[in-house]
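Let me begin by presenting the structure, written as structure tokens, before commenting on it.
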Amino acid sequence: MSTIDSDSRSVEPLLIAACDLAAMLNISPRTLWRLKSGGLLPEPVRFGGAVRWRLDEIRNWVASGCPPPDRRDN
């Protein structure tokens, strides 16, 4: 999931794709989309045709126990 910049240092991405998020959560991409449709995941960022999730937001969500939407801090 890391990329290499011009200085040959490993750079962590700010946004991750659905396939990367599914792998991080150890679920299938189909299950990921079901959770997203059910409103059980943090909201993704959309630009153009791309859907991405903020990596720091996902980490915070997991660290807080993957709370459902009605229990998240807004």
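Quick notes
- The set of residues in segment 47-58 that are hydrophobic (A, V, I, L, M, F, W, C) and at pLDDT below 95 contains only 47.
- The lone exception for residue 34 - which of (1) basic (Lys, Arg); (2) surrounded by fewer than 13 Cβ atoms within 10 Å (Cβ to Cβ); (3) at pLDDT 95 or above it fails: (2)
- Among the residues listed as 29, 13, 67, 44, the single one being modelled with pLDDT of 90 or more and touching a Phe, Trp or Tyr at 6+ places or on another chain (Cβ under 6 Å): 44
- Single condition residue 1 does not satisfy, out of (1) in contact with an Asp or Glu (Cβ under 7 Å, 6 or more places away or on another chain); (2) modelled with pLDDT of 95 or more: (2)
The values are calculated or read from the model by the stated rules, or taken from the named source; none is laboratory data. Since this is a predicted model, take the numbers as computed values, not measurements. Cβ atoms come from the backbone with ideal geometry, glycine included; neighbour counts cover every protein chain shown.
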